[in-house]
Amino acid sequence: MKKRIRLTFLIVFMAVIITGGATMLSIGKKATIQTDIHLKGVPSDIEEALYYGSFAANSHNTQSWKVALKPKQGQLTISLDKKRSLDVVDPKNRELYISLGCYSQSLKMAFEAYGYKVDLEQTSPSANNHYQAIIFNFQKDQHKKMNQKQIELIKKRHTDKRKFLTKKLDRGFIAQATKRYKNLHYYPRSSQEFTYLKDGSIRAVKKQSSNPDFLKEQSDWLRFSNQESKEKKDGISGDMLGLNPLLKSLYFMTTNHETATGQGFAKQSLSTLEKQVNNCAGFFVMTGKQTLENWIAAGRQVQAFWYDCTEKNIAIQPISAMMEVPSYNKNLEKDLQLNQPVQMILRAGQVETYGENSGVRRDLTDYIQVKD
């Protein structure tokens with residue numbers, strides 16, 4: 001009788017464990033985002049190019065761009081959507097203009113993959129021209145076939161927040177990259193500059209985390225369920241944090257927009273950053289002058305360089321805190337002995353499995369206006 005009771009208890013216990021595990025895995029499964037790419041009167045290849053172009057790197061995944069599209073003329077213009085600004089960490093919109101540069105380069109690559117010739121022209125954004133930043137001209141080349149490999153590269157590239165391998169990056173790749181991108185610099189983990197950037201990033205995040213306004217703005221762009229990601233189609237999803245299904249489930253079950261503004265969440269975020277900067281091969285730094293045009297140019301270079309890294313299975317994560325905190329930013333250029341201000345700090349390292357972009361992207365009609 002006792003054996004039967006114990007066996008029954010064991011069966012019930014196992015059933016609870018299995019059911020609970022299945023529920024956890026269900027909560028933590030990858031979010032499937034259905035982006036509507038249809039634009040009335042626009043050819044399907046242009047719709048697809050616009051969609052994949054939106055897979056660009058951009059701060060907080062705000063996707064802070066607006067597009068006026070003239071398909072018959074083969075032209076579109078890209079402007080900053082100031083309603084999606086990050087007023088606390090980016091009061092001058094420096095990061096958002098860099099994001100526009102990333103977006104324009106991603107668009108260029110996507111249109112070229114679909115057989116279009118592309119010409120980009122930068123303008124001077126202002127209130128008078130609705131913060132128009134880029135004029136993008138495209139023309140179909142009938143002799144070019146679709147480049148699926150290029151599309152797959154666009155889809156693959158993403159920000160990786162996991163631990164990286166600490167082994168050295170290939171010297172040849174670094175030499176080639178720093179030669180191709182004149183404003184790019186590399187600091188391996190054995191260098192004093194690496195330690196400076198690592199320690200400075202940790203201290204800068206500590207300072208940011210003591211600011212309630214920073215925590216509130218950060219919380220506004222975090223997504224705490226798959227459903228929220230599906231509805232908003234922007235922001236930083238659980239998948240973008242690099243969490244496995246179990247950890248993602250725990251994250252969703254224990255965190256929300258209110259708790260994310262507290263010091264407990266801030267301490268956990270700091271702990272995560274410490275693990276990130278201690279587990280990589282080095283830092284790439286992109287420099288550029290402090291003008292809107294140069295911010296956009298820096299973004300274009302970062303996006304192009306990121307594709308080069310993706311081809312080599314080198315993972316990248318922007319680490320921005322030192323540039324967002326004025327007391328650290330003012331010393332960066334001098335301390336690193338550079339001749340221009342720092343615009344991007346990129347944590348880099350090889351990974352066993354590169355993964356892919358989570359595809360959290362807005363519907364095209366949300367930010368694209370089609371004109372005759």
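The values are calculated or read from the model by the stated rules, or taken from the named source; none is laboratory data. Owing to the predicted nature of the structure, the values given are computational and were not obtained by experimental measurement. With ideal geometry, Cβ positions are generated from the backbone for all residues, glycine too; neighbour counts draw on all protein chains shown. All accessible areas refer to the heavy atoms of the entire protein, side chains included, with ligands and DNA or RNA removed. Shrake-Rupley method; radii C 1.70, N 1.55, O 1.52, S 1.80 Å.
When we screen Glu293, Glu333, Glu356, Glu352 for residues that are modelled with pLDDT under 95, under 26 Å from Gln122 (Cβ atoms) and open to solvent by 10 Å² or more (accessible area, probe 1.4 Å), the only hit is Glu293. Go through region 58-111 and count every residue that is assigned to a helix (DSSP H, G or I), under 30 Å from Met146 (Cβ atoms) and either open to solvent by less than 10 Å² (accessible area, probe 1.4 Å) or touching a Phe, Trp or Tyr at 6+ places or on another chain (Cβ under 6 Å) (or both). Selection size over region 58-111: 12.
Looking across region 145-192, the residues that are in contact with a strand residue (DSSP E or B) (Cβ under 8 Å, 6 or more places away or on another chain), of a type in the set (Lys, Arg) and under 28 Å from Glu333 (Cβ atoms) come down to Lys161, Lys168, Arg189.
Scanning region 314-328 for residues that are more than 30 Å from Lys156 (Cα to Cα) and either open to solvent by less than 50 Å² (accessible area, probe 1.4 Å) or in contact (Cβ under 8 Å) with a residue 24 or more places away in the chain (or both) turns up Val325, Ser327, Tyr328.
Residues checked against (1) part of a helix (DSSP H, G or I); (2) farther than 30 Å from Ala297 by Cβ; (3) modelled with pLDDT of 95 or more:
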site: Asp234; (1), (2), (3): no, no, yes
site: Lys248; (1), (2), (3): yes, yes, no
site: Ser271; (1), (2), (3): yes, yes, yes
site: Glu274; (1), (2), (3): yes, yes, yes
site: Cys280; (1), (2), (3): no, no, yes
site: Val285; (1), (2), (3): no, no, yes
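Of the residues making up region 112-127, just one is farther than 16 Å from Pro71 by Cα, surrounded by 13 or more Cβ atoms within 10 Å (Cβ to Cβ) and modelled with pLDDT of 90 or more, namely Ala113.
The residues listed here are Lys179, Lys145, Lys168; of these, the one that is part of a loop (DSSP other than H, G, I, E, B) and over 24 Å from Pro43 (Cβ atoms) is Lys168.
One line per residue, one yes/no per condition, for (1) polar (S, T, N, Q); (2) in contact with a Gly (Cβ under 8 Å, 6 or more places away or on another chain); (3) surrounded by fewer than 18 Cβ atoms within 10 Å (Cβ to Cβ):
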| position | (1), (2), (3) |
| --- | --- |
| Asp160 | no, yes, no |
| Phe164 | no, yes, no |
| Arg180 | no, no, yes |
| Gln218 | yes, no, no |
| Asn226 | yes, yes, no |
| Gly238 | no, yes, no |
| Leu247 | no, yes, yes |
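Whenever a residue of region 338-354 is under 9 Å from Asn313 (Cα atoms), it has no partner that is among the aromatic types (Phe, Trp, Tyr) and part of a strand (DSSP E or B) lying with C-beta atoms less than 7 angstrom away and at least six residues away or across chains.
Check whether at least one residue in region 270-279 is at positive phi, out of contact with any strand residue (DSSP E or B) (no Cβ under 6 Å at 6 or more places or on another chain) and open to solvent by 50 Å² or more (accessible area, probe 1.4 Å), and report yes or no. Within region 270-279, not a single residue is at positive phi, out of contact with any strand residue (DSSP E or B) (no Cβ under 6 Å at 6 or more places or on another chain) and open to solvent by 50 Å² or more (accessible area, probe 1.4 Å).
Scanning region 226-266 for residues being within 26 Å of Leu96 (Cα to Cα) and among the β-branched types (Val, Ile, Thr) gives a total of 2. If you scan region 215-232, which residues turn out to be touching a residue at least 24 places away in the same chain (Cβ under 8 Å) and part of a helix (DSSP H, G or I)? Hits for region 215-232 are Leu215, Lys216, Glu217, Gln218, Ser219, Asp220, Asn226, Ser229, Lys230.
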